[in-house]
1. Determine the gain in length on full extension of the stretch THR86-ASN116; use 0.36 nm per residue of separation and subtract their C-alpha separation, reporting nm with one decimal.
2. Of the candidates SER53, SER155, SER62, which one comes out as most mobile in a Gaussian network treatment of the chain with C-alpha springs shorter than 10 Å?
3. Could you check which residue among ALA293, ALA181, ALA193 shows the biggest mean-square fluctuation in a GNM of the chain with a 10 Å Cα cutoff?
4. Over all directions, how big on average is the projection of the convex hull of the alpha-carbon atoms in the range 185-305, in square nanometres?
5. Calculate, for the range 109-164, the solvent-accessible area per residue in square angstrom, rolling a 1.4 angstrom probe over the heavy atoms of the protein chains.
6. For CYS161, list long-range residues whose amide hydrogen, built 1.01 Å from N in the peptide plane, is under 5 Å from its own amide hydrogen.
7. Please report the Cα spread of the range 73-198 along all three principal axes, rounded to whole Å, starting with the longest.
8. Considering the chain as a Gaussian network with a 10 Å cut-off on Cα pairs, which listed residue, ASN165, ASN116, ASN278, attains the greatest mean-square fluctuation?
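The values are calculated or read from the model by the stated rules, or taken from the named source; none is laboratory data. Nothing here was measured: the structure is a model prediction, and the numbers come from that model. Cβ placement follows ideal geometry from the backbone for every residue including glycine, while neighbour counts extend to all protein chains displayed. SASA here: full protein model, heavy atoms, side chains in, ligands and nucleic acids out. Shrake-Rupley method; radii C 1.70, N 1.55, O 1.52, S 1.80 Å.
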Amino acid sequence: EMNGIELKGAHKGYFTIPSCNGLQRFLKKYLESCKRARTHADNILKELNKMISESLISYTHSIWILNQTVNIHVEHALQQRWCHATITKDNNTHLKIKKLRPFWMSDCVPNDISLNKIAILTGCNMGGKSTLSRSLAASAILAKAGFMVPADSASFSPGLCVFLNAGNADCALNDLSGYGAECVDMIALEKMAMKSPTLAICDEIASGTSDREGTAMALAYLKRFNELGVIGLFSTHFDRVLTDKSVEDVPKFQMKRENGQFTFVMCEGVCKFRHATNIARSLGMSEEICSQADKFIADMDGGIE
């Protein structure tokens, strides 16, 4: 159907060669198609280049931050004579650290910690319980990640998960009180412990409810964690937790006091010293309130100093 010259070849059939005008028209259409294809390809390449560039910059930035972090960590750790932790072949869940130090404090007291089950930690306010608990959790996480640990030596069982619950995490937006948020965390801890060896650091658990109910919850937690083979520190101010028959075999530690002073050293035993009113006095609380509180404490303790 094209204007041209028909030539009959050696083979059967006819072949049409377009005229010069036909060639120009088809060449123009072809070139326009090539131009559109080239423009479309250029747009794709630009978008692809933009995506790759942004991702590459973000990736490079992350690598640089990681490299800088590791470099700073190693420099500081070597200066402070930190150690590399070792993973033992023992399948029994355990953790052992010698001369553990809170790395965020320039002047601190080292502690030796050896755990193969959940233990109760007692001590006065400002006696060092929370600092010790946080430093233990931080060191375990550093060790798991392959970083150096602020201690003289450290070893732990393979696959050890780390759980830390400290402070009030109440959230009105989620309709959670401090105690409610804590319950959510403890549910997560139980699920974690059912799947993997777990180091749990629980700082003053169930303190957001009444003494009676808090004591009951604390005892239930200790019993359950002991059944699951959880290791760690469970600090509490509930006196009745320490005397219940269900925790007779649970190790008990305290933050030691000597000559009326805090040593910030953890040792075996149960803290009996009362310090709440002393702290209140040091912060300016009136003697009318503090002396009355001392009397109430003495009455509840049966007159024991």
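1. Length gained, THR86 through ASN116: 9.2 nm.
2. Judging by the Gaussian network model, the answer is SER53.
3. Most flexible of the set in this elastic network: ALA293.
4. 9.1
5. Details: 1870 Å² over 56 residues.
Heavy-atom SASA per residue in the range 109-164 reads 33 Å².
6. Under 5 Å from the amide H of CYS161: THR198, LEU199.
7. 46, 36, 28
8. Checking each option, the largest mean-square fluctuation is seen for ASN278.
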